[in-house]
Protein chains: 2
Amino acid sequence: MEPLGKVFEVEWELDEDELNRGERNRSSSSSNGSFSEEESTRNGELSPSEDYISSTVTLDAVREKPPHQMKQSSSSPEVVEMLKETFSKLLLGEDMSGGEKGVSAALAVSNAITDLSAATFGKVCRLEPLPSEKKLTWKRGMEWLLSVSDYIVELTPSLHTFPDGTKREVMTSRPRQDLYVSLPALLKLDNMIIEVLDGLEHTEFWYVDQEGVLATQSPPPKEKWWLPVPRVPTCGLSGKARKQLQQIRTCTNQILKAAMAINCCTLDDMEVPESYLETLSKNGYTSLEEFINGYNFSDQFSPESLLDCLNLSSQRRALEIADQLEASIHIWCQKTNSKNSKLSWEMVKELVVDADKREVFAYRAESLLTCLRLRFPGLPQTMLHMSKIQHNKDLGKSILESYSRAVQSLAFNIVARIDDLLHVDDLTKPSDPFMSKSQKSPRKALTDYLAIDSKGDHASDDLEGPDSRSAVYQELIVTADELNTFYSCI
Amino acid sequence: MEPLGKVFEVEWELDEDELNRGERNRSSSSSNGSFSEEESTRNGELSPSEDYISSTVTLDAVREKPPHQMKQSSSSPEVVEMLKETFSKLLLGEDMSGGEKGVSAALAVSNAITDLSAATFGKVCRLEPLPSEKKLTWKRGMEWLLSVSDYIVELTPSLHTFPDGTKREVMTSRPRQDLYVSLPALLKLDNMIIEVLDGLEHTEFWYVDQEGVLATQSPPPKEKWWLPVPRVPTCGLSGKARKQLQQIRTCTNQILKAAMAINCCTLDDMEVPESYLETLSKNGYTSLEEFINGYNFSDQFSPESLLDCLNLSSQRRALEIADQLEASIHIWCQKTNSKNSKLSWEMVKELVVDADKREVFAYRAESLLTCLRLRFPGLPQTMLHMSKIQHNKDLGKSILESYSRAVQSLAFNIVARIDDLLHVDDLTKPSDPFMSKSQKSPRKALTDYLAIDSKGDHASDDLEGPDSRSAVYQELIVTADELNTFYSCI
């Protein structure tokens with residue numbers, strides 16, 4: 001599998017020089033996100049090409065525009081009023097009665113990004129370019145919300161030469177490290193995924209609403225009833241079109257992995273809220289203890305085989321287990337945390353396990369959780385993550401988390417739609433005598449395995465056995481090495 | 001004395017119809033605050049007139065402009081960037097490291113208004129029009145900060161007629177009552193005070209820096225060294241100019257009273273923070289008890305005479321007493337407050353005074369505090385007020401409090417500068433044989449009595465006896481009746 005770093009280096013043409021420049025103009029990060037009407041029109045006129053990445057407008061081309069020209073359309077009096085409204089509501093923390101009961105600014109920004117993403121991409125049910133108004137709203141809204149990050153700085157000592165020639169160490173401000181590293185990457189991922197959608201016009205496939213599909217043509221729709229049905233020509237997609245779709249799928253999958261990695265790192269970086277630790281009640285712990293004891297943490301521990309033994313018949317059950325695993329990791333890990341030493345000590349006494357064993361248990365629970373996440377990449381947020389997002393007061397982390405979550409969700413949906421389409425194409429094509437049995441078997445669509453979508457609540461709870469999912473999602477695994485390469489490249 | 005309501009009705013031409021209109025367009029309140037460059041230039045060209053109020057641009061004239069024209073200059077890309085910067089910093093709560101240690105949005109807005117006011121009016125040491133750039137910065141900054149209030153609403157039940165003719169009670173949102181009443185009044189006061197300054201060009205008086213004043217001409221400056229010295233023609237100001245100055249003083253004094261009233265009401269409306277009640281330590285209370293016992297709260301209680309007995313030699317001492325009085329009022333009043341019943345009960349036991357006596361004590365402390373405030377209208381914020389502002393989470397109250405404080409401070413400074421000027425004029429004029437002794441005696445400047453100014457810290461601590469101050473400030477008293485008339489008029 002191609003490492004993530006390679007992808008950034010070769011395919012995405014990330015401008016390393018610019019990113020590594022010492023005193024980068026921070027305002028460019030928000031400018032990257034801006035999007036003029038003129039550009040959106042130009043994108044709409046692009047002819048489809050096999051190499052869709054090179055044919056679309058690159059980020060650097062956007063950067064070359066003078067700032068005034070970039071923002072001409074975004075500074076009309078009406079837009080200024082919208083900008084004031086957006087920021088006023090953020091300041092009020094969504095409490096229109098005056099802000100007394102409002103949420104923190106960090107949560108307000110996080111919710112605003114989530115809402116904007118849902119309003120823009122919530123209905124991406126077809127593989128087709130986004131309407132230009134939606135693109136404009138998304139880019140403009142994100143430019144406003146991301147502008148907060150331009151003023152988040154950290155102070156570092158640096159040598160300054162005074163007019164008389166003496167050198168002294170003075171504190172200078174520079175963009176905060178996490179934002180400096182991850183925000184340009186997210187902007188790039190965001191631009192790429194919009195370009196992926198832009199490249200999907202004049203296609204060989206089309207969609208029909210489920211109401212238009214006769215019961216005789218296909219089995220009556222039970223699941224994913226809200227999605228339109230993809231249709232391909234009677235002889236299936238051409239080789240060229242299928243190759244292009246597979247290229248898009250690979251690229252979107254890499255975007256998904258990168259966004260997931262940033263989201264994961266940001267969430268790990270957020271402090272575990274006191275209130276979460278307080279809710280780790282003895283009851284919850286006991287049920288986990290039973291579960292762990294029931295499956296015997298022997299020396300030959302294999303998270304995959306343990307997961308196979310678990311009842312993972314529904315997404316809800318998987319989420320419950322993920323919650324319990326996270327709770328157990330925190331209980332086992334908080335030995336060194338003096339603040340919670342009392343709680344930890346009592347629990348340790350009850351368990352009568354020594355420190356070494358607890359470490360092993362925590363490590364095993366963590367690997368079990370990693371495996372669970374890989375089997376269910378569309379798993380809703382766990383209690384811990386929700387608690388972290390809710391109690392986080394840092395606007396920088398809030399922006400990174402919600403932005404990466406938005407990109408991740410969009411990428412996930414696009415991959416699922418491509419899989420649906422390829423599945424329909426496989427079913428349409430006449431059997432090929434030269435194709436081996438394994439190659440001929442229709443490819444299961446992503447959502448068939450998971451029953452997860454943007455409207456995940458309506459998804460069926462009945463899933464196939466975990467083995468098939470495990471095989472399909474093997475390609476989604478982001479190894480530690482890959483993550484390191486990814487960050488060293490940025 | 002002319003009641004406040006009358007002043008609003010006759011002199012200030014407050015558009016009652018517009019203010020009382022049921023579904024007023026809230027956005028007009030922020031539009032009132034906007035100020036185009038064109039207007040500021042026009043104001044600068046106005047010829048001085050005896051009736052300066054009617055000669056300047058009225059608020060209604062500003063309102064009549066189409067919104068687009070009003071904001072043409074305030075929507076350039078540079079201004080939009082400034083707007084984003086302002087709001088981003090408010091969201092970060094002044095913590096540029098990410099907002100984790102930032103202040104609440106309400107306090108951030110309050111501080112922003114205070115800072116903007118200090119930057120604009122902090123150096124109003126001369127009676128002359130404000131530079132147009134300063135006016136523009138103030139108006140634009142306030143328009144941005146006040147725009148938050150456009151989205152603060154309250155829900156009220158109202159009858160709604162449905163298409164089928166049935167009438168149902170539904171909840172509708174409308175601007176919050178306190179903002180709906182006080183914000184237009186503050187905008188009017190703000191516009192008026194800027195107009196007061198605008199009317200002060202081509203005057204008969206001028207200023208010289210204190211460095212330019214020779215020791216032979218006047219005693220060497222000791223106090224208020226930062227203020228330029230006003231100069232009048234050798235024969236003094238003309239009757240017309242003096243009359244105009246006195247008119248301006250009367251008007252500014254009314255603005256001061258109105259702004260003080262709004263500030264006072266808003267502060268009263270803010271909840272007393274728990275942390276303040278917790279700091280009401282026994283020590284503080286004991287010293288107050290001594291002070292009260294020392295001056296014997298007899299049946300013939302007179303706050304004026306009690307104040308005369310107190311050591312009010314310095315502003316700091318007056319502030320200490322104000323703090324103690326506020327603390328005592330809260331201790332005596334919290335009988336009915338169940339949350340603090342324990343604290344109150346213990347103190348009641350210690351004092352061995354019954355409920356009736358406590359009520360009388362609280363009432364007396366309150367009247368004493370009112371008298372103290374009237375003697376020292378420029379008194380810095382008390383502990384209670386600072387605590388309220390710091391812990392307040394309501395953006396509407398925060399805006400009203402800081403905006404009224406800014407207008408109040410500017411009005412106070414202008415009155416002080418006029419008094420300084422009239423004092424110099426009195427000293428310059430040759431003695432008039434027809435003038436009675438009392439009329440001839442030079443009028444003491446406001447700052448001479450109080451030694452309070454925008455740079456109050458440098459003021460002398462030695463003051464004259466309280467009697468003279470009491471007489472001078474009698475005109476500043478806002479009676480309860482006046483306040484009622486004022487609010488009923490709005």
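Cβ-Cβ distance below 8 Å, separation of 6 or more or different chains: which pairs start in the stretch A:295-316 with a residue that is among the hydroxyl-bearing types (S, T, Y) and end on one that is at pLDDT below 75?
Partner pairs satisfying both residue conditions: A:S313/A:D461; A:S313/A:D462; A:S313/A:L463; A:S314/A:D461; A:S314/A:D462; A:S314/A:L463.
Restricting to the stretch B:92-133, count the residues that are among the acidic types (D, E) and part of a loop (DSSP other than H, G, I, E, B).
Residues that pass the stated criteria total 4.
Those residues that are buried (at least 17 other Cβ atoms within 10 Å of the Cβ) and either among the polar types (S, T, N, Q) or modelled with pLDDT of 85 or more (or both), I need them from the stretch A:208-227; list them, please.
Matches in the stretch A:208-227: A:L227 only.
If A:Y403 passes every condition in (1) assigned to a helix (DSSP H, G or I); (2) farther than 19 Å from A:W144 by Cβ but one, which one does it miss?
With (1) assigned to a helix (DSSP H, G or I); (2) farther than 19 Å from A:W144 by Cβ applied to A:Y403, the lone miss is (2).
Right, B:L186: open to solvent by less than 10 Å² (accessible area, probe 1.4 Å) and more than 29 Å from B:F87 (Cα to Cα) or not?
Answer is no for this residue.
Check B:A416, B:A406 and return the single one that is closer than 30 Å to B:L91 by Cβ and at pLDDT 85 or above. Walk me through it before giving the result.
Working: B:A416 fails: closer than 30 Å to B:L91 by Cβ.
None of the other options fit; the residue is B:A406.
Residue check, A:L155 against (1) open to solvent by less than 50 Å² (accessible area, probe 1.4 Å); (2) at pLDDT 90 or above; (3) among the hydrophobic types (A, V, I, L, M, F, W, C), all met but one. Which one?
Failing condition for A:L155: (1).
Where the second residue is in a helix (DSSP H, G or I) and open to solvent by 40 Å² or more (accessible area, probe 1.4 Å) and the first is more than 9 Å from every other protein chain (Cβ to nearest Cβ) and farther than 17 Å from A:E78 by Cβ and lies in the stretch A:132-156, which pairs have Cβ atoms under 7 Å and are six or more apart or on separate chains?
Correct list of pairs: A:S132/A:T41; A:S132/A:G44.
Test B:R126 against the criterion of being within 14 Å of another protein chain (Cβ to nearest Cβ), open to solvent by 30 Å² or more (accessible area, probe 1.4 Å), of a type in the set (K, R) and closer than 25 Å to B:Q408 by Cβ, and give yes or no.
Working: within 14 Å of another protein chain (Cβ to nearest Cβ): no; open to solvent by 30 Å² or more (accessible area, probe 1.4 Å): yes; of a type in the set (K, R): yes; closer than 25 Å to B:Q408 by Cβ: yes.
The answer is no for B:R126.
Please go through the stretch B:79-100 and give me each residue that is over 23 Å from A:S76 (Cα atoms), open to solvent by 50 Å² or more (accessible area, probe 1.4 Å) and facing chain A (nearest Cβ under 8 Å), ordered by number.
Hits for the stretch B:79-100 are B:M96, B:S97, B:E100.
Can you pull out the residues in the stretch A:101-119 that are away from chain B (no Cβ under 11 Å), open to solvent by less than 10 Å² (accessible area, probe 1.4 Å) and either free of Cβ contacts under 8 Å to residues at least 40 places away in the same chain or hydrophobic (A, V, I, L, M, F, W, C) (or both)?
A:I113, the sole residue that qualifies.
Within the stretch B:421-440, is even one residue more than 14 Å from chain A (Cβ to nearest Cβ), modelled with pLDDT under 85 and under 30 Å from B:L197 (Cβ atoms)?
Yes: one or more hits.
Would a scan of the stretch B:166-178 turn up a residue that is modelled with pLDDT under 95, within 14 Å of chain A (Cβ to nearest Cβ), under 25 Å from B:W138 (Cβ atoms) and assigned to a helix (DSSP H, G or I)?
Yes, the conditions are met somewhere in the stretch B:166-178.
Any residue in the stretch A:75-99 that's over 16 Å from A:N111 (Cα atoms): show its pairings with residues that are assigned to a loop (DSSP other than H, G, I, E, B) and of a type in the set (D, E) at Cβ separation under 9 Å, as long as the two are six or more apart or on different chains.
Sorted first by the residue in the stretch A:75-99, then by its partner, the pairs are A:S97/B:D394; A:G98/B:D394.
The values are calculated or read from the model by the stated rules, or taken from the named source; none is laboratory data. In this text, all values refer to a predicted model and were calculated from it rather than measured experimentally. Here the Cβ is made from the backbone with ideal geometry for all residues, glycine too, and neighbour counts use every protein chain on show. Side chains are part of the model used for accessible areas, which takes the heavy atoms of the whole protein and leaves out ligands, DNA and RNA. Shrake-Rupley method; radii C 1.70, N 1.55, O 1.52, S 1.80 Å.
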